Amino acid sequence: MPDPTIIGPQDAQLLLQASVTKTSSFNSVSVDLGAGFAPAGGGKPVQAVVTYSAADFTTGDETYSFKLQDSADNSSFTDRSAAVAASVSAAAPSGSVVVGGFLQQRYVRLVATLGGTTPSITYAAYLQPNTLA
């Protein structure tokens, strides 16, 4: 379900989430960036491109947001996205959002937070280097 309008690589080894439909909050399986991943300073700038469709806004109170987390041990995760998570709006029930962040640890995952009466969304996500940060 990659979006052809997104510029940048979509590497199968950086697939955060294969196409899936969810009706409640969900953490993706983590991606291992390797034992040697140890960026200096504030971390490695990255972005997750989340391509979504069929976002349900039937009752009008549904919400969908995405953020990145990382971990040194693949167990305890820390938020690494911007202060405000990327959100899907009722004006665009299908499309793409970009979730930026600075990774500092070896393992990374995508967190989808769904809320409201009848949330349902289909999405897929890839991690990409963020060359603009």
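The values are calculated or read from the model by the stated rules, or taken from the named source; none is laboratory data. The structure presented is a predicted model; accordingly, all values stated were derived computationally and were not measured. In case anyone asks, the SASA skips ligands and DNA or RNA and just uses the protein heavy atoms, side chains included. Shrake-Rupley method; radii C 1.70, N 1.55, O 1.52, S 1.80 Å.
Accessible surface of the chain, 1.4 Å probe: 53 percent of it comes from carbon and sulfur atoms.
The ellipsoid equivalent to the alpha-carbon distribution of the chain has semi-axes of 25, 15, 13 angstrom, derived from the gyration tensor eigenvalues as √(5λ) and listed largest first. Per residue, the accessible area of the range 25-133 comes to 46 Å² when a 1.4 Å probe rolls over the protein heavy atoms.
Each residue of the range 34-49 is assigned a 3J(HN,Hα), and the resulting list reads x, 4, x, 6, 8, x, 7, x, x, x, 8, x, 9, 9, 10, 9 Hz, derived from the Karplus form 6.51 cos²θ - 1.76 cosθ + 1.60 (θ = phi - 60°), x at Gly and Pro. Report the normalised scattering of the range 14-87 as log10 I(q)/I(0) at q = 0.12, 0.14, 0.21, 0.25 Å⁻¹, calculated by the Debye formula with identical scatterers on the alpha carbons. Once normalised to I(0) and log-transformed, intensities are -0.42, -0.56, -1.14, -1.51. For the chain, modelled as a GNM whose springs connect Cα atoms under 10 angstrom apart, the maximal fluctuation among A91, A55, A18 occurs at A91. For the chain, modelled as a GNM whose springs connect Cα atoms under 10 angstrom apart, the maximal fluctuation among T59, T122, T113 occurs at T59.
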